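J.: After the structure tokens below, expect a handful of questions from me.
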Amino acid sequence: MDERLKGKVAIVTGGSRGIGAAIAKGFAAAGGKVVISSRKEEGLKIQAEAINAEYPDAVQYKTCHMGDPEQISALFDFANDTFGIPSILVNNAATNPYFGPMLGISNGAWAKTFQVNLEGPFEAIRLLVGRLQEAKHPGSIINVSSIVGAGAAPLQGVYGMTKAAMISMTKTLAMELGGNDIRVNAIAPGLIDTKLSSIITSTPDLKRTFTDRTPLGRVGKPEELAGAAVFLASDESRYVTGQTLFVDGGYTIG
Ligand SMILES: NC(=O)c1ccc[n+]([C@@H]2O[C@H](COP(=O)([O-])OP(=O)(O)OC[C@H]3O[C@@H](n4cnc5c(N)ncnc54)[C@H](OP(=O)(O)O)[C@@H]3O)[C@@H](O)[C@H]2O)c1
């Protein structure tokens, strides 16, 4: 039996589907307790029931818009009241409302992208760290970035900026929080088959721009992110901080 996360409580934002749901399931399989969040209750309920059917009582859920600091605070209260102090945070929820040449983005789409992809995750980290420091408790933060945060992001420029900023935030916070035994790492997925990426995966030419330069030659599956997340959340990675783990089929080596 996998007990790498036994006794640990995690919050996974954007856990109702895709990569977040796969990470939540991976945490449950490793013996952890998980609160998943997203905006819509229906998807959360379905996902929690599916995981709990396999790993009883492992998952609870709460709606939380990552653009709303009050809802983020309520999410942390809920996790604490339900399972005890959360020590693992996966900042996974993100949005990409605009696909096109960078300068064509509207002010509203720009603001939303920064709010949900950066300001909300930053607020969540602040809440987690405050609680951990008060309790003198170690912790692990995992920021879900992207390969487009490591280079140019054609047609996804502003989204790419937020993902690049996540890598920067990960490094600085790792430096500042290491003394508190709070580790901060990032996972940078390649192209993964989810709703968010469907505009690319359903357009053969766009999809090929990824698969043609990917050593493993294919799009990834959400469950292929779970192992990396369990590793970074657990004590197996206790001497790893400030790193970005690329789970991208090798895309970024070329
Ligand atoms: N798929 C890829 O190819 C790929 C590649 C690189 C990086 N990533 C990153 O991986 C992470 C997960 O993406 P995914 O591909 O799994 O996407 P997805 O399947 O579309 O899932 C996105 C999740 O985020 C939630 N969400 C969206 N907007 C939200 C908001 N404003 N507040 C709170 N929750 C919100 C969604 O649920 P609700 O609709 O209920 O809110 C859903 O649970 C993201 O950080 C993304 O940038 C994905």
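J.: Viscosity 1.567 mPa s, temperature 4 °C: what is the translational diffusion coefficient of the stretch 46-90 from Stokes-Einstein with a Kirkwood Rh over Cα pairs, rounded to a whole number of µm²/s?
T.: Numbers: Rh = 11.6 Å.
D, rounded to a whole number, is 112 µm²/s.
J.: Please name which of 247, 139, 182 has its Cα lying farthest along the dipole of the chain towards the positive end, using unit charges on Cβ (Lys, Arg +1; Asp, Glu -1) and the Cα centre as origin.
T.: Comparing the listed Cα positions along the dipole, 247 ranks first.
J.: Given the options 56, 192, 21, identify the residue whose Cα lies farthest towards the positive end of the charge dipole of the chain (+1 on Cβ of Lys, Arg; -1 on Cβ of Asp, Glu).
T.: Going by the charge dipole, the pick is 192.
J.: Karplus couplings for the stretch 183-195 from phi (6.51 cos²θ - 1.76 cosθ + 1.60, θ = phi - 60°), rounded to Hz, Gly and Pro as x?
T.: Values, residue by residue: 9, 9, 9, 10, 10, 10, x, x, 6, 10, 6, 9, 4 Hz.
J.: Starting from the Cα of residue 1, step 7 Å along the direction of its Cβ; do the same at residue 134; then give the gap between the two resulting points in nm.
T.: Inter-label distance under the simple model: 3.3 nm.
J.: Expressed as an acute angle from 0 to 90° and rounded to the nearest 10, what is the orientation of the C-alpha long axis of helix 69-83 relative to the principal long axis of the chain?
T.: With rounding to tens, the tilt is 50 degrees.
J.: Are there any trypsin sites (Lys or Arg not before Pro) in the stretch 155-251 that are in a DSSP loop and have at most 15 other Cβ atoms within 10 Å? List them by number.
T.: 195, 213, 218, 238
J.: In angstroms, what radius of gyration and Dmax does the chain have, counting Cα atoms only?
T.: 17.1, 51
J.: A further question on this structure: Given axes a ≥ b ≥ c from the Cα gyration tensor, I'd like to know whether the stretch 135-213 is rounded (a/c under 1.5), prolate (a/b larger than b/c) or oblate. Each step should come with its number before you reach the end.
T.: Values: a/c = 3.49, a/b = 2.52, b/c = 1.38.
Verdict is prolate for the stretch 135-213.
J.: With +1 on each Lys and Arg Cβ and -1 on each Asp and Glu Cβ, and nothing else charged, work out how big the dipole of the chain is about its Cα centre, in Debye to the nearest 20.
T.: Taking the Cα centre of the chain as origin, the dipole is about 400 debye.
J.: Also, quick follow-up: Can you give me the distance in nm between label points at residue 180 and residue 45, each placed 7 Å from the Cα along the Cα-to-Cβ direction?
T.: 3.6 nm
J.: Counting Lys and Arg as +1 and Asp and Glu as -1, each charge on the Cβ, what is the dipole of the stretch 1-46 about the Cα centre in debye, to the nearest 20?
T.: The calculated dipole for the stretch 1-46 is roughly 60 debye.
J.: If I build a Gaussian network model for the chain, linking alpha-carbon pairs within less than 10 angstrom, which residue out of 26, 179, 149 has the largest mean-square fluctuation?
T.: 179
J.: To test your reading of the geometry: what angle, between 0 and 90 degrees and rounded to tens, separates the Cα axis of helix 41-54 from the longest principal axis of the chain?
T.: 60 degrees
J.: Can you give me the three principal axis dimensions of the stretch 69-187 from its C-alpha atoms, in Å, biggest first?
T.: 46, 28, 17
J.: Follow-up. Structure shown: which of 45/207; 62/112; 33/163; 195/221; 45/163 lie over 23 Å apart, alpha-carbon to alpha-carbon?
T.: Violating the 23 Å limit, Cα to Cα: 45/207; 33/163; 45/163.
J.: Under a point-charge model restricted to the Cβ atoms of Lys and Arg (+1) and Asp and Glu (-1), what is the dipole moment magnitude of the stretch 1-84 relative to its Cα centre, in debye to the nearest 20?
T.: Dipole magnitude for the stretch 1-84 comes out near 220 debye.
J.: GNM on the chain, C-alpha springs below 10 Å: top fluctuator among 16, 87, 197?
T.: Taking springs between Cα atoms under 10 Å, the residue moving most is 197.
J.: Put a dot 7 Å past each Cα toward the Cβ at residue 172 and residue 80; how far apart are the dots in nm?
T.: Distance between label points: 2.6 nm.
J.: I've got another one for you. Report the gain in length on full extension from residue 99 to residue 53: 0.36 nm times residue separation, minus Cα-Cα distance, nm rounded to one decimal.
T.: 12.8 nm
J.: With a ≥ b ≥ c the root eigenvalues of the C-alpha gyration tensor of the stretch 167-254, is it rounded (a/c under 1.5), prolate (a/b larger than b/c) or oblate?
T.: Judged from the Cα gyration tensor, the stretch 167-254 comes out prolate (a/c at least 1.5, a/b above b/c).
Rule-based calculations on the coordinates, nothing more; no lab input. No experiment lies behind these values; they were computed from the predicted model shown. Please note: Cβ atoms are built from the backbone with ideal geometry, for glycine as well, and neighbour counts cover all protein chains shown.
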